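A short write-up of the structure that comes next.
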Amino acid sequence: HRTLALLVAAGTGSRAGGNIPKQFRTVGGKAVIAHAVDALAAHEGIDAIHLVIGAGQEAQVRALLGDRAIAGVTLGADSRRGSVRAGLEAIAAAGGADRVLIHDAARPFLPGAVVDRLLGALDGAQGAIPVLPVADTLVRGEGDVMGEGVARDGLFRVQTPQAFRFDTILAAHRGWDEGREATDDAQILKGWGHDVILVAGDEGLEKLTYPQDFARAEARLASART
Ligand code: CTP
Ligand code: MG
């Protein structure tokens, strides 16, 4: 199997605030994107890493990644879906792959065991994603008034990396209606008619989304060091 990672880093990080996109900020003395690259590179099942970045960010990304090996760099788009599509097309143009792990650069910590579970599930499926159960009670809001409760059994929070057979996810992206948005690639695969297998995710894999998430990531690293 030729297994590639496609790391998407072309977002602006508007919800996280700060002067630079969140994936370029530092956690534990290292850029978030560098953490993500190192975690992918450390897994022996992953053969190479492709990056998707924003226009004009080449020099910044090169500086943050130093001599880490990157097989290809592609310019992203306005939506995450568009950025992934651009990366998949670039990989296809460069010879394709058997499997691809599509991952957010805003997730600095990726346990190898999650990648093991994803690749294992892919032996018998076209797609697999890491999920965590929902712990909190869920309710609908009707304005600022509580509406109906929502049963949380069977509900999961979805993480990345999301693992796919390369040709299948490429075809699913090509077949997706460009006018519709999709927040992740598993939705796109499902829309193309394939089952997506759920495997256990990891608390450490949480995405950096809001300003306070950085303090939590620093604390996680600090406690991992002691
Ligand atoms: N991403 C991307 N291209 C986009 C939008 C997002 O490559 N047009 C990437 C981000 O860089 C991030 C991942 O997709 O690594 C997950 O997206 P998200 O957390 O939503 O990041 P942003 O879109 O940058 O943040 P926000 O939505 O708060 O603006
Ligand atoms: Mg976004």
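The values are calculated or read from the model by the stated rules, or taken from the named source; none is laboratory data. A quick note: this is a predicted structure, and the numbers were derived from the prediction, not measured. All Cβ positions, even for glycine, are placed from backbone atoms using ideal geometry, and neighbour counts span all protein chains on display.
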When residues of segment 163-185 are filtered for being closer than 21 Å to G45 by Cα and of a type in the set (V, I, T), how many remain? 2
Here is a check on your reading of the model: is A94 surrounded by fewer than 18 Cβ atoms within 10 Å (Cβ to Cβ), in contact (Cβ under 8 Å) with a residue 12 or more places away in the chain, away from ligand 2 (no atom under 16 Å from the Cβ) and under 23 Å from K22 (Cα atoms)? no
Which pairs have Cβ atoms under 8 Å, sit 6 or more apart or on different chains, and link a residue in segment 2-19 that is touching a residue at least 24 places away in the same chain (Cβ under 8 Å) and farther than 22 Å from D38 by Cα to one that is among the polar types (S, T, N, Q) and surrounded by fewer than 19 Cβ atoms within 10 Å (Cβ to Cβ)? R15/T209; A16/T209
Check segment 45-56 and report whether any residue there is crowded, with 16+ Cβ neighbours inside 10 Å and within 27 Å of T226 (Cα to Cα). no
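Table: residues versus (1) under 28 Å from G175 (Cα atoms); (2) at pLDDT 95 or above; (3) touching a helix residue (DSSP H, G or I) at 6+ places or on another chain (Cβ under 8 Å); (4) polar (S, T, N, Q).
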residue	(1), (2), (3), (4)
V32	no, yes, yes, no
H35	no, yes, no, no
A71	yes, yes, no, no
R80	yes, yes, no, no
Long-range neighbours under 6 Å by Cβ, at least six apart or interchain, first residue touching a residue at least 40 places away in the same chain (Cβ under 8 Å) within segment 45-60, second among the basic types (K, R) and surrounded by fewer than 16 Cβ atoms within 10 Å (Cβ to Cβ): D47/R2
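Give segment 1-11 a look and list any residue that's touching a Lys or Arg at 6+ places or on another chain (Cβ under 9 Å) and within 15 Å of ligand 1 (Cβ to nearest atom), or say none.
Step one: of segment 1-11, the residues touching a Lys or Arg at 6+ places or on another chain (Cβ under 9 Å) are 1-4, 8, 10-11.
Result: V8, A10, G11.
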Could you list, in sequence order, the residues of segment 32-44 that are farther than 15 Å from I102 by Cβ and surrounded by fewer than 23 Cβ atoms within 10 Å (Cβ to Cβ)? A34, H35, D38, A41, A42, E44
Residue pairs qualifying under the 8 Å Cβ cut-off, at least six apart or on distinct chains, with the first in segment 62-86 being within 15 Å of Q23 (Cβ to Cβ) and away from ligand 1 (no atom under 15 Å from the Cβ) and the second being among the acidic types (D, E) and assigned to a helix (DSSP H, G or I), are R68/D38
D78 vs. criteria within 24 Å of G13 (Cβ to Cβ) and either β-branched (V, I, T) or surrounded by 14 or more Cβ atoms within 10 Å (Cβ to Cβ) (or both): no
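For segment 194-201, does any single residue satisfy the condition of being within 21 Å of A9 (Cβ to Cβ), among the aliphatic types (A, V, I, L, M) and under 16 Å from the mean Cα position of the chain (by Cα)? If you could, list the steps in order and put the result at the bottom.
Quick first cut of segment 194-201, residues within 21 Å of A9 (Cβ to Cβ) only: 201.
Next cut, among the aliphatic types (A, V, I, L, M) only: none.
Within segment 194-201, none of the residues are within 21 Å of A9 (Cβ to Cβ), among the aliphatic types (A, V, I, L, M) and under 16 Å from the mean Cα position of the chain (by Cα).
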Here the qualifying pairs (Cβ atoms under 7 Å; residues six or more apart or on different chains; first in segment 97-108 and over 16 Å from R85 (Cβ atoms) and basic (K, R); second away from ligand 1 (no atom under 14 Å from the Cβ) and part of a loop (DSSP other than H, G, I, E, B)) come out as R99/H1
